[in-house]
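Here the structure is laid out as structure tokens; the discussion comes afterwards.
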């Protein structure tokens with residue numbers, strides 16, 4: 001959906017401010033953009049709908065750009081500008097969001113091999129460079145959207161790869177190292193769901 005079309009379907013009570021990334025290396029300056037009022041950051045020529053509709057914050061970028069972004073700082077800056085978005089525990093919420101984003105980026109979008117609980121494998125960096133240099137993978141997008149529903153915030157993360165399936169048996173998530181990412185997200189959020197068809201992870205957080 002083109003930006004001009006997107007603006008026409010927004011609620012009158014919220015006017016998004018867009019910023020288009022034209023150079024991946026410029027992603028390090030995004031915090032200043034958010035501080036100045038930008039709410040929707042994207043690469044490419046269009047905003048995916050209906051995923052972005054009614055989003056208070058929206059991020060849609062290629063993998064290499066995602067690695068250049070300090071997501072936690074970016075979201076903390078956004079929250080500081082929006083007093084209505086007050087998590088009960090901001091640090092816990094940002095930890096869950098970052099974990100979900102990292103998992104979707106690495107294991108979903110870039111299809112990195114699962115290291116089965118090991119914090120690092122010797123060939124990790126070389127495999128990552130190979131995946132990022134693969135045009136088929138490098139041109140994919142990873143997307144994050146934040147929406148508010150009454151006294152809750154829902155954070156959606158979508159990748160264009162195989163998806164990061166967080167619908168695994170959650171009983172393992174609090175004990176087994178293989179489920180470390182899911183354990184972090186479960187323990188730091190108030191609800192988790194995964195749409196296997198559209199490859200979307202949804203996290204829910206209560207507000208103060």
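The values are calculated or read from the model by the stated rules, or taken from the named source; none is laboratory data. Computed from a predicted structure; not experimentally measured. Note that we place each Cβ from the backbone using ideal geometry, even for glycine, and neighbour counts take in every protein chain shown.
See the values below:
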| read-out | value |
| --- | --- |
| Exclusive hit being assigned to a helix (DSSP H, G or I) and surrounded by 17 or more Cβ atoms within 10 Å (Cβ to Cβ), set 103, 80 | 103 |
| Residue within region 29-51 that is modelled with pLDDT of 80 or more, on the phi > 0 side of the Ramachandran plot and in a loop (DSSP other than H, G, I, E, B) present | yes |
| Qualifying positions in region 35-52 - in contact with a helix residue (DSSP H, G or I) (Cβ under 8 Å, 6 or more places away or on another chain) and surrounded by fewer than 17 Cβ atoms within 10 Å (Cβ to Cβ) | 35, 37, 46, 49 |
